[in-house]
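**Q** Before anything else, here's the structure in question.
Bear in mind these aren't lab numbers, they're just calculated from the coordinates by the rules spelled out. Quantities reported herein were computed from a predicted structural model and do not represent experimental measurements. Every residue, glycine among them, receives a Cβ derived from its backbone with ideal geometry; neighbour counts consider all protein chains shown.
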Amino acid sequence: MRGLMKTARGPGNLELKEIDEPRPKKDEVLIEVAAAGICGTDIHIKHDQAFYTPPVVLGHEYSGKVVEIGPDVSQVAVGDLVVSPATQYCGICYQCKTGHMNRCTAEGKKILGTSLANGGFAKFLTAPEYIIHKIPQGVSMEEAALAEPTACVVHSVIEKSPIIPGDVVVVQGPGTMGLLAAQVAKSMGAGKVILTGVSADQWRFDIAKKIGVDMTIDVQVDSDPVKTVMNESDGRGADVVIEASGACIACNQALDFVKVAGHVTLLGIRGQSLDIDLDIMAIKELTMSGTWGTLPSSWVTTLRLMASKKIDVAPLITHRISLAEWEKGFELMESQKAIKVLFTEFD
Ligand SMILES: [Zn+2]
Ligand SMILES: [Zn+2]
């Protein structure tokens, strides 16, 4: 089979390589990949701007069908349709013991598609049974390939942000994570979700309206976005602001958008240090949360939200291509012409 591999450290070094089909170890399942999404992290790995251990087949957002199981596998069967997180946690380190499996400190930790374990940009991959989640009925394989980014958002927004029914929530940045965060906030009962972006995001705003976003603000056109948010929240400010753009200016704006005693959620990482006035945190008595990856519970909630149609990820899938066209897929992501590009053919 062929796999899209990061072959060595440094920028580039991405190649479609002929490799042996994997065999499941005794506690593993062999998965035939149905769909796999290109993530910002894959772009960062391409440019040598993220953690990875080459050589490795990329792809940590995938769905697939179990085609073989190891002898010790008991809860997953051949034919099951499945997804999984990328990180394989040890279960015995301090972080795992205290419920922070996403921050497992085990040495030589395997991360599918990133480090010491090949990912889903190939026809087959193997994964240990304990990280597998079965895809519920009514969720397509393409939708399930977005379970990983959705689970990251669920962890950040449902498990770590104090949104209650009726809240005014501002989401900054209409990329994959922002569009998912807007829907997740709605699923928690947010009364009004306002999405901010720039003029180039107009087509993303159109998708946002289709998935239930109440209002969009183009911060390059609106002369006073803070005033607009105040007007939409009875002069108080947003109850919760979710920063999903990764832009420096947005972090400062988040502190202005949020109400006194409100909450700012940082979704993902910014990749740079910020020039930011944290005194506003004190003056406004704000709380802020950050998260890293997912917990097993994030996946359970994600798949339930998908099955019950509380969130609809299908409108975020803008392109479907074959693995052979990987260069086109990466180009679409890098030029920001796509929201989610899925590989759906692997031969
Ligand atoms: Zn990702
Ligand atoms: Zn651990």
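**Q** Starting from 0.36 nm per residue, how many nanometres of slack lie between I280 and V300 once their C-alpha separation is accounted for?
**A** 3.6 nm
**Q** With +1 assigned to the C-beta of every Lys and Arg and -1 to the C-beta of every Asp and Glu, and no other charges, what is the dipole magnitude of the chain about the Cα centre in debye, to the nearest 20?
**A** Value, rounded to 20: 520 debye.
**Q** Quick one: if you take sqrt(5λ) for each eigenvalue of the C-alpha gyration tensor of segment 1-120, what semi-axes come out, biggest first, whole angstrom?
**A** Result for segment 1-120: semi-axes of 23, 21, 12 Å.
**Q** Treat every Asp and Glu Cβ in segment 161-290 as -1 and every Lys and Arg Cβ as +1, leave all other atoms uncharged, and give the resulting dipole magnitude about the Cα centre to the nearest 20 debye.
**A** 400 debye
**Q** Next question, about the same structure. Could you calculate the contour length gain from K337 to H44, that is, 0.36 nm times the residue separation minus the distance between their Cα atoms, to one decimal place in nm?
**A** 103.8 nm
**Q** So how do T176, T126 line up by other beta-carbon neighbours within 10 Å, fewest first?
**A** The order, fewest Cβ neighbours first, is T126, T176.
**Q** Could you give the semi-axes, largest first, of the ellipsoid that matches segment 292-347, computed as the square roots of 5 times the alpha carbon gyration tensor eigenvalues and rounded to whole Å?
**A** That gives 26, 13, 12 Å for the three semi-axes.
**Q** Moving to a separate point now. Starting from 0 in steps of 5 Å, tell me what percent of the Cα-Cα pairs of segment 257-316 lands in each bin.
**A** All Cα pairs considered, the percentages come to 4, 13, 15, 16, 17, 14, 13, 7, 1.
**Q** Listing F51, F205 from the residue with the fewest other Cβ atoms within 10 Å to the one with the most, what is the order?
**A** Sorted ascending by nearby Cβ count, the order is F51, F205.
**Q** Tell me the relative contact order for the chain as a rounded percent, counting alpha carbon contacts under 8 Å between residues six or more apart.
**A** 17 percent
**Q** Report the full-extension gain for the segment Q137 to I19: residue separation times 0.36 nm, less the Cα-Cα distance, to one decimal in nm.
**A** In short, 39.2 nm is gained.
**Q** If you don't mind, there's one more thing I want to ask. So what's Rg/Rh here for segment 117-243, counting alpha carbon atoms and using the Kirkwood radius for Rh?
**A** 1.06
**Q** For labels at E327 and K309 in the simple 7 Å Cα→Cβ model, what's the distance in nm?
**A** Here the modelled spin labels are 4.2 nm apart.
**Q** Of the cross-linked pairs K65/K210; K6/K123; K25/K134; K6/K309; K186/K259; K6/K110, which ones have a Cα-Cα span greater than 25 Å in the structure shown?
**A** Pairs exceeding 25 Å: K65/K210; K6/K309.
**Q** Sticking with this one: Could you give the radius of gyration (one decimal) and Dmax (whole number) of the Cα atoms in the chain, in Å?
**A** Just the Cα atoms of the chain yield Rg and Dmax of 20.2, 64 Å.
**Q** For each of F121, F343, count neighbouring Cβ atoms within 10 Å of the residue's Cβ, then give the residues from fewest to most.
**A** The most exposed by this proxy come first: F343, F121.
**Q** Moving to a separate point now. Please report, in debye to the nearest 20, how large the charge dipole of segment 238-309 is about its Cα centre when each Lys and Arg carries +1 at its beta carbon and each Asp and Glu carries -1 there.
**A** Dipole magnitude for segment 238-309 comes out near 480 debye.
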